[in-house]
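Report on one structure; see the data block that follows.
The values are calculated or read from the model by the stated rules, or taken from the named source; none is laboratory data. Keep in mind that this is a model prediction, so the values were computed, not measured. No Cβ is skipped: glycine too gets one built from the backbone with ideal geometry, and neighbour counts run over all protein chains shown. In case anyone asks, the SASA skips ligands and DNA or RNA and just uses the protein heavy atoms, side chains included. Shrake-Rupley method; radii C 1.70, N 1.55, O 1.52, S 1.80 Å.
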Amino acid sequence: MSENITGADDLALPGDGTWSDETDWELGDFDVDGDGAGSVPMPVLAIVGRPNVGKSTLVNRILGRREAVVEDIPGVTRDRVSYAASWSGRRFTVVDTGGWEPDAKGLQQAVAAQAELAMRTADAIVLVVDATVGATATDEAVARVLRRSKTPVILAANKVDSERAEAETATLWSLGLGEPQPVSAAHGRGAGDLLDVVLDVLPETPREGTATLGGPRRVALVGKPNVGKSSLLNKLAGEERSVVDNVAGTTVDPVDELVELDGKTWQFVDTAGLRRKVRTASGHEYYASLRTRAALDAAEVAILLIDASEPITEQDLRVLSLIIESGRALVIAFNKWDLVDEDRRYQLDKEIDRELARVPWARRVNISANTGRSVHKLVPALEGALESWDKRVSTGRLNNWLKEVIAATPPPLRGGRQPRVMFATQASVRPPTFVLFTTGFLEAGYRRFLERRLREEFNFDGSPVRINVRVRDKRELRRGKR
Ligand code: GDP
Ligand code: GDP
């Protein structure tokens, strides 16, 4: 039986940005044999520092020629750009945090948050300061954060364009990050030496691979202010905060908290902010969103708290957008359920239909952090979401399924021609990311149809799924026919 998919816009997923057209990937880039490795993971070098110190210039210097190596790494939030680089035969990823720069107010906090993010996600960090200016208050604030870092930090004293200027770098010892490495990103002076020092401390393999093996699963508790995040954390951790301090073989950031739930240890990331209730320069949304991002980046699954007793707001949806961008698994907890009556419940259902249509796959739980109602239901929801997030479908199974679906419901004609889907493969997990190789453009309605069927067949409840379409270009096609 074939399903009518014309005018399929009412199908499950309105455009949520998880589909993208990819024209520049080669099959060889992906893990087609399904061993979970993906393309070889590379260690990550993060370049941090305040605006105008020369971060972008340094990144370009490291890359040699920008155009040649620019590479969009899937799964990376859009304001940060990752590039593949190599030096002395070693390959690594450079993350340019330049795109993060806020306006002057809140600068110090923003740059510090950027450094915190780098501490959690990178394998080595270069802090760039402008040697011609010396250490500013912002530089000092960032250095303070980075001094706590378990991730190795290298201090680059930039704009040292001549040997004479090198003397000026001595004052930068005061930042407490060891020897300043003089460099001129603009002219290349000292860049090789800097990279040698970087490679000395950069591990061969990225931390992600080891951090996720066997350690506690990492959860970010996110939501706008006053939804009950700290109340929930207190409830989960127990009144006496029965926090496990040392779990063998794990390194836990001081800002994280280990909480035992149903006999299993979970790592709630970036809870220091919740505990301390840092009320930063009031209403500084930008900073709040940086914190949320940092927490999401460090986590594998997010619990989005929504105050069920109040209408869903723009601010809730902004946090949701950050979660979608992050590609993390998601459980939505409707909190303050003790305040929800029949009327409110009816309204809420309507709001959910309207506002949360982007994430029909999210797991939902109604809880009360105050009374403890249904809080225990969070654990199976988290586990299910992570299972989906980790799931890998073998290439064989995927293609057999796809063949059947397409035979029953072929893609609509475009310009009188029928696009063919030739082959599909799951390129990566966390979140599950698929690549379809086609002979032509697939309409949005049909893509959504495929995603819905994929979800039905393989059950990705609680996890986003990314599907990239790679259209073979005409030349290749002609070659293929001969
Ligand atoms: P970012 O904001 O930290 O990414 O800084 P940019 O890379 O955009 O550089 C800021 C300014 O500093 C630009 O005008 C660069 O040309 C200049 N600059 C960067 N590196 C050097 C350097 O090594 N020497 C000198 N003299 N200027 C530099
Ligand atoms: P946070 O800003 O997200 O960390 O929110 P808090 O945990 O500080 O909670 C904000 C307010 O909501 C506090 O007054 C809490 O007592 C209240 N609150 C939190 N959870 C619940 C709940 O489940 N029911 C009710 N009635 N109030 C709650």
Evaluate segment 146-158: report whether one residue or more is away from ligand 2 (no atom under 16 Å from the Cβ), without any contact (Cβ under 8 Å) to a residue 24 or more places away in the chain and either over 20 Å from MET42 (Cβ atoms) or crowded, with 21+ Cβ neighbours inside 10 Å (or both). no
Do we have any residue at all in segment 301-310 that's within 13 Å of the chain's Cα centre (by Cα) and either surrounded by 20 or more Cβ atoms within 10 Å (Cβ to Cβ) or within 16 Å of ligand 1 (Cβ to nearest atom) (or both)? yes
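If I filter segment 146-178 down to residues being within 12 Å of ligand 1 (Cβ to nearest atom) and outside any strand (DSSP E or B), which single residue comes out as farthest from ASP256 (Cα to Cα)? Spell out the reasoning first.
We begin by selecting, within segment 146-178, every residue within 12 Å of ligand 1 (Cβ to nearest atom); these are 156-162, 165.
Checking the rest, the ones that are also outside any strand (DSSP E or B) come to 159-162, 165.
Details: LYS159: 37, VAL160: 38, ASP161: 42, SER162: 44, ALA165: 42 Å.
Only one residue fits best here, namely SER162.
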Just checking, how many residues over segment 344-375 are open to solvent by 70 Å² or more (accessible area, probe 1.4 Å) and either acidic (Asp, Glu) or over 27 Å from the mean Cα position of the chain (by Cα) (or both)? 9
Of all residues making up segment 394-434, the number that are under 24 Å from SER463 (Cα atoms), small (Gly, Ala, Ser) and open to solvent by 30 Å² or more (accessible area, probe 1.4 Å): 3
Being modelled with pLDDT of 80 or more and either open to solvent by 30 Å² or more (accessible area, probe 1.4 Å) or part of a helix (DSSP H, G or I) (or both) is the requirement here; does SER289 meet it? no
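Which is modelled with pLDDT under 85 and under 29 Å from SER326 (Cβ atoms), of PHE458, PHE437? Spell out how you get there, then give the answer.
Numbers: PHE458 fails: modelled with pLDDT under 85.
Criteria check complete, one pass: PHE437.
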Name the residue that is farthest from MET422 (Cα to Cα), counting only residues in segment 442-454 that are at pLDDT 90 or above and open to solvent by 40 Å² or more (accessible area, probe 1.4 Å). ARG452
Suppose we keep only residues that are free of Cβ contacts under 8 Å to residues at least 60 places away in the same chain and touching a helix residue (DSSP H, G or I) at 6+ places or on another chain (Cβ under 6 Å) within segment 391-420. Which one would you say is farthest from PHE441 (Cα to Cα)? TRP401
Close pairs (6 angstrom Cβ cut-off, 6 or more residues apart or separate chains): closer than 14 Å to VAL183 by Cβ in segment 44-60, among the polar types (S, T, N, Q) anywhere: VAL53/ASN158; GLY54/ASN158
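Would you mind stating whether ASP161 is among the charged types (D, E, K, R), closer than 17 Å to ALA124 by Cβ and open to solvent by 30 Å² or more (accessible area, probe 1.4 Å)? Walk me through how you get there before you give the answer.
Working: among the charged types (D, E, K, R): yes; closer than 17 Å to ALA124 by Cβ: no; open to solvent by 30 Å² or more (accessible area, probe 1.4 Å): yes.
It is false that ASP161 is among the charged types (D, E, K, R), closer than 17 Å to ALA124 by Cβ and open to solvent by 30 Å² or more (accessible area, probe 1.4 Å).
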Wholly within segment 329-414, helices (runs of 4 or more DSSP H) carrying at least 3 residues that are among the hydroxyl-bearing types (Ser, Thr, Tyr) and modelled with pLDDT of 95 or more: none
